[in-house]
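The values are calculated or read from the model by the stated rules, or taken from the named source; none is laboratory data. None of these values were measured; they are calculated from a predicted model. Cβ: placed from backbone, ideal geometry, glycine included. Neighbour counts: every protein chain shown. Please note that ligands, DNA and RNA were not included when accessible areas were found on the heavy atoms of the full protein model with its side chains. Shrake-Rupley method; radii C 1.70, N 1.55, O 1.52, S 1.80 Å.
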Amino acid sequence: MDDLFPKGFYFGTSTSAYQVEGGNHNDWTEWEKLNASRLAHGSKKYKRLPSWPLVKNDALDPENYISGIAADYWNRFEEDLDLAKGMGTNAYRFSVEWSRVEPEEGKFDIEALDHYRAMISAMRERKLEPFLTVWHFTLPAWLAEEGGARSKDFSKYIARYAGKLAQEFGSDVKFWITLNEPEIFARNSYLFGIWPPQNDNPFAYFKVLKNLVRAHREMHRAIRSETESASIGFSTDPTYFESAGSKWDNWLTAKAKYYWNNWLLDRIIKDLDFIGLNYYFHSRVNLIPNRNLNEKISDMGWELYPRGLEKILEEFAHHEKPIYITENGLADMNDANRGWFIRESLTAVKSAIKKGVDVRGYFHWSLLDNFEWDKGFWPKFGLVEVDRRTLRRTLRPSAEIYKSIIKGE
Ligand code: BGC
């Protein structure tokens, strides 16, 4: 491995259960059925992107929005973990699907738990350190019916589920991520109304944010009481806000940083052993925050700005917690920018480490092409391409680039 990275640095890839496993049934499954046609029609907003001619057939097809068999990772995890190992990675981030483990309130499914146990052993056999995400956006149908994340009992339910996972897997898993991007979930599901349950009510939004803060604290307690040696964090999705320099821009940048990057984090920092950082966005603040698109963009139109990773790492250093980059990636079906992007991102990480930031791992999103929520399958985030029809896996050239960076080349 590259000697500029600290000894024991984790190089990994990341997935989430619902996006790759297939065969799930939860609040999203129900929602997809009702919304597939609408989402297909709405995809026309991407028409102005250069990638549109390549993705439009999929984007306009309602089937694209049905998660279905996804990447069939549930049945193919051994093959997929072989691919992760083949890339030279030494860690792997995955999530457990709550609706599989607790399909009915309070009843845990032994077969599902055993299946996850087999997955974790398969990681260990391949010397991939498991980073387990307890919750990555989806809810069991029974909980959605009871009000989901808005329910006053949400933290109680999710802490019981987290405790059960810790009881089952505590001896095999050291790294625990309680919640994935709670701020994105709250915003998309309860403020913008674009994800289930499609609420757009600021009161509901704040209530859910508070419930998620409480959820993290109680999950932390539940995991810790089962496994003392656990290292417990959560994954957040900060934006690198860059001020254009006027007094107003500086003021607005400070406010944006506070509300978007730190509000939730500040409330749970005491109950964190590490910060999981998902980096995707850069926003130039010039009178207003603006996701400026004048550099390279992804197939989804997101600006590719890997240098921002160094800035956000520096910004987070004052929290004085170890940082793992639990996600960083791009939709790039032709693999035109991914290799460059990984190299630049890891250069940014190295540079932050040299400046003294305690960064201990980097997980690329994603190992596999997967189900990108309300965009369905057309965005291709995988180091490994998954053929939608045959489910055949093919390594993209960027996987080789990642491998050579890990080797220190
Ligand atoms: C989420 C992933 C998602 C990725 C790309 C993150 O916000 O955790 O589930 O696929 O970004 O959009």
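Structure summary
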{"quantity": "Breaking point among (1) assigned to a loop (DSSP other than H, G, I, E, B); (2) more than 18 Å from the chain's Cα centre (by Cα); (3) touching a residue at least 12 places away in the same chain (Cβ under 8 Å), for Gly245", "calculated": "(3)"}
{"quantity": "Qualifying residues in region 299-308 (those that are farther than 17 Å from Lys44 by Cα and without any contact (Cβ under 8 Å) to a residue 60 or more places away in the chain) - the one farthest from the ligand (Cβ to nearest atom)", "calculated": "Arg307"}
{"quantity": "Condition check for Ala230: in contact with a strand residue (DSSP E or B) (Cβ under 6 Å, 6 or more places away or on another chain) and open to solvent by 60 Å² or more (accessible area, probe 1.4 Å)", "calculated": "no"}
{"quantity": "Scope region 254-290; condition more than 16 Å from the ligand (Cβ to nearest atom), outside any helix (DSSP H, G or I) and of a type in the set (A, V, I, L, M, F, W, C); matching residues", "calculated": "Leu272, Phe274, Val285, Leu287, Ile288"}
{"quantity": "The lone exception for Ile288 - which of (1) surrounded by fewer than 17 Cβ atoms within 10 Å (Cβ to Cβ); (2) under 24 Å from Lys210 (Cβ atoms) it fails", "calculated": "(2)"}
{"quantity": "Residue list for region 69-104, restricted to those being out of contact with any Asp or Glu (no Cβ under 8 Å at 6 or more places or on another chain), closer than 21 Å to Trp135 by Cα and open to solvent by 40 Å² or more (accessible area, probe 1.4 Å)", "calculated": "Ile69, Asn75, Glu104"}
{"quantity": "Any pair with Cβ under 6 angstrom, 6 or more apart, that starts in region 378-393 at a residue that is among the β-branched types (Val, Ile, Thr) and ends at one that is in a strand (DSSP E or B) and within 16 Å of the ligand (Cβ to nearest atom)", "calculated": "Val384/Leu368; Val386/Leu368"}
{"quantity": "Residues located in region 177-215, provided they are within 16 Å of the ligand (Cβ to nearest atom) and touching a strand residue (DSSP E or B) at 6+ places or on another chain (Cβ under 9 Å)", "calculated": "Ile177, Thr178, Leu179, Asn180, Glu181, Pro182, Glu183, Ile184, Phe185, Leu212"}
{"quantity": "The one condition in (1) surrounded by fewer than 21 Cβ atoms within 10 Å (Cβ to Cβ); (2) under 23 Å from Val173 (Cα atoms); (3) among the small types (Gly, Ala, Ser) that Ser235 fails to fulfil", "calculated": "(1)"}
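Residues are listed down the side, and each one gets a yes or a no for (1) open to solvent by 10 Å² or more (accessible area, probe 1.4 Å); (2) within 16 Å of the ligand (Cβ to nearest atom); (3) touching a residue at least 40 places away in the same chain (Cβ under 8 Å):
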| position | (1), (2), (3) |
| --- | --- |
| Pro6 | yes, no, yes |
| Gly12 | no, yes, yes |
| His25 | yes, no, yes |
| Glu30 | yes, no, yes |
| Leu34 | yes, no, no |
| Lys44 | yes, no, no |
| Leu54 | yes, no, yes |
| Ala59 | no, yes, yes |
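Per-residue answers, yes or no, for (1) touching a strand residue (DSSP E or B) at 6+ places or on another chain (Cβ under 6 Å); (2) assigned to a helix (DSSP H, G or I); (3) more than 24 Å from Met119 (Cβ to Cβ):
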residue	(1), (2), (3)
Gln19	no, yes, no
His25	no, no, no
Ser37	no, yes, yes
Ala40	no, yes, yes
Asn57	no, yes, yes
